[in-house]
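Before I ask anything, here is the structure I am working with.
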Amino acid sequence: MEATRSILHMDLDTFFVSVERLLDSRLNHRPVLIGGTSDRGVVASCSYEARKFGVHSAMPMKLAKRLCPEAVVIKGNSYNYLKYSDLVSGLVKEAVPVFEKTSIDEFYCDLTGMDKFFGCYSFASELRQKVLKEIGLPISFGLSVNKTVSKVATGEAKPNNQIQISEGGERPFLAPLSIRKIPMVGEKTHQLLLNLGIQRIGTLQDMPVDVMEHALGENGVHIWRKANGIDPSPVIPFQERKSISTERTFDQDTIDTQKLRGLLIAMTENLAYQLRKGEKLTSCVTLKLRYSDFQTETMQCRIPYTSADHQLIPHVLELFDKLYKRRVLIRLVGVRFSHLVSGGYQINLFDDQEEHIRLYQAMDQLRKKFGDRAIIKAAGLQAKTIGRGENPFDGGPPVLLANRRQ
């Protein structure tokens, strides 16, 4: 007989704010905003005290400060957040057989079978207390038979608490909650469901699945299953990808620095998009050059964590200017981003302004629909293709052209 699954979801409460308070106790019990500090910045995180005034993440900082004028505004420090995220990851990794890290502050753990030895709820409680005592960060958890119900339970447990939903209690637990609580229900889907007269999960539970399929297609079936507490998806063992790179070997060696810089811009822009698509950030940029005599040279630099090409491109071009000293024919160029971390944030919310975020979101949507090269910088236009082994200066034009400041 197959053992009943026990899936734990853990989430560090207002993680950025909690780290700042751990480092500076004067911030305790005060409204705190973290993000771009200028009026054109956005809120990356906010304390519960600030949320009482209607502030939420991704809100323009100018509006947040108007709603909560007494708030302490902090730019944020990604190095500190990643440091404490790694500390928590280390504790979790040592304690559980299988864990999945889905963001900088969120974990799933498969505790199936451990109830024979410890009692899964008691074990999860001890792990939570260990994080609280050894690291000092508040953390909440939900425990149930699957990932969906556990994640929703964690949300209901917050702040700094814990909930277990026993097997068979999934539907009653979910029924009174807002449909917005279902993972994967965003603003547009939420509004569509409201238009259908569905406000609570219980209403959706009682609907025939074919009605949801007719209204939302395959996505409607997934939502209906989650609303009924059905989610067989496994906890995927955590394996952090450490780097992402691309190299281009020319059919004919070149010394045309203008074309080389254009190709590097195109390569960097494409890699940055891949980072955002995978919800990754990099803190190390490496440039590689191979000359016609096969001598290979590399140079790298450390940078603040980001996945924004307008921040990455200047570093790549600066490395090229420093590294390309021989002034002889080049056979190959390569760009690599390493020291990758999962952040769950499309770009660096501590440095970028609201228009940057909206611009990247719009462009990435076009790329998802029409292809990676559907929209590019004008500076990289000469690199018509960046396919491996192809001549990057041949080929047709892109679908769209973006001419933005670097």
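Past 29 Å, Cα to Cα: identify those pairs from Lys226/Lys280; Lys83/Lys188; Lys65/Lys277, in the order given.
Working: Lys226/Lys280 27 Å; Lys83/Lys188 35 Å; Lys65/Lys277 31 Å.
With Cα atoms farther than 29 Å apart: Lys83/Lys188; Lys65/Lys277.
Measuring from centroid to centroid over Cα atoms, what is the spacing of the stretch 214-231 and the stretch 25-42 in Å?
Distance between centres, Cα-based: 38 Å.
Calculated FRET efficiency, Asn195 and Tyr79, Cβ-Cβ r, R0 51 Å, to nearest 0.05? Mind showing how you got there, number by number?
Values: r = 45 Å, r/R0 = 0.88.
About 0.70, to the nearest 0.05.
Out of residues 5 or more away from Val72 or on other chains, whose amide H comes under 5 Å of its own, with H placed 1.01 Å from N in the peptide plane?
Excluding prolines and chain starts, which carry no amide H, the hits are Val32, Leu33.
Still on this structure: If amide hydrogens are placed 1.01 Å from N in the peptide plane, which non-local residues have theirs closer than 5 Å to the one on Asn146?
Result for Asn146 returns Ile7.
Treat the count of other C-beta atoms within 10 Å as a stand-in for reagent exposure and order Met212, Met207, Met184 from fewest to most. Walk me through the intermediate numbers first.
Working: Met212 22, Met207 15, Met184 10.
Exposure proxy ranking, most exposed first: Met184, Met207, Met212.
Starting from the amide H of Gly113, placed 1.01 Å from N in the peptide plane, find each other amide H under 5 Å away whose residue is 5 or more places distant or on another chain.
Amide H to amide H, under 5 Å and 5 or more residues apart or across chains, Gly113 pairs with Ser6.
Quick check: residue separation of Asn28 and Ser178 times 0.36 nm, minus the Cα distance between them. What number comes out in nm? Mind showing how you got there, number by number?
Numbers: separation 150, 0.36 × 150 = 54.00 nm, distance 3.07 nm.
Taking 0.36 nm per residue and subtracting the Cα distance, the gain is 50.9 nm.
Once phi is turned into ³J(HN,Hα) by the Karplus curve 6.51 cos²θ - 1.76 cosθ + 1.60 with θ = phi - 60°, what whole-Hz value does each residue of the stretch 124-139 show in order, with x for glycine and proline?
4, 4, 5, 5, 4, 5, 5, 5, 4, 7, 7, 10, x, 9, x, 8
Convert each backbone phi in the stretch 163-173 into a coupling constant with the Karplus relation 6.51 cos²θ - 1.76 cosθ + 1.60 (shift: θ = phi - 60°), then list the ³J(HN,Hα) values in order as whole Hz, x for Gly and Pro.
Result, rounded to whole Hz: 9, 10, 10, 5, 4, x, x, 5, 5, x, 5.
Order the peptides 127-135, 222-230 from the highest to the lowest mean number of other Cβ atoms within 10 Å of their residues.
Working: 127-135: 15.3, 222-230: 21.1.
So the peptides 127-135, 222-230, ranked by packing, come out 222-230, 127-135.
Could you state the number of Å between the C-alpha centres of the stretch 243-259 and the stretch 89-128?
46
A short reminder: the numbers here are calculations on the coordinates, not readings from a lab. None of the values given here were measured: they were computed from a predicted structure. Note that each Cβ is placed from the backbone with ideal geometry, even for glycine, and that neighbours are counted across all protein chains shown.
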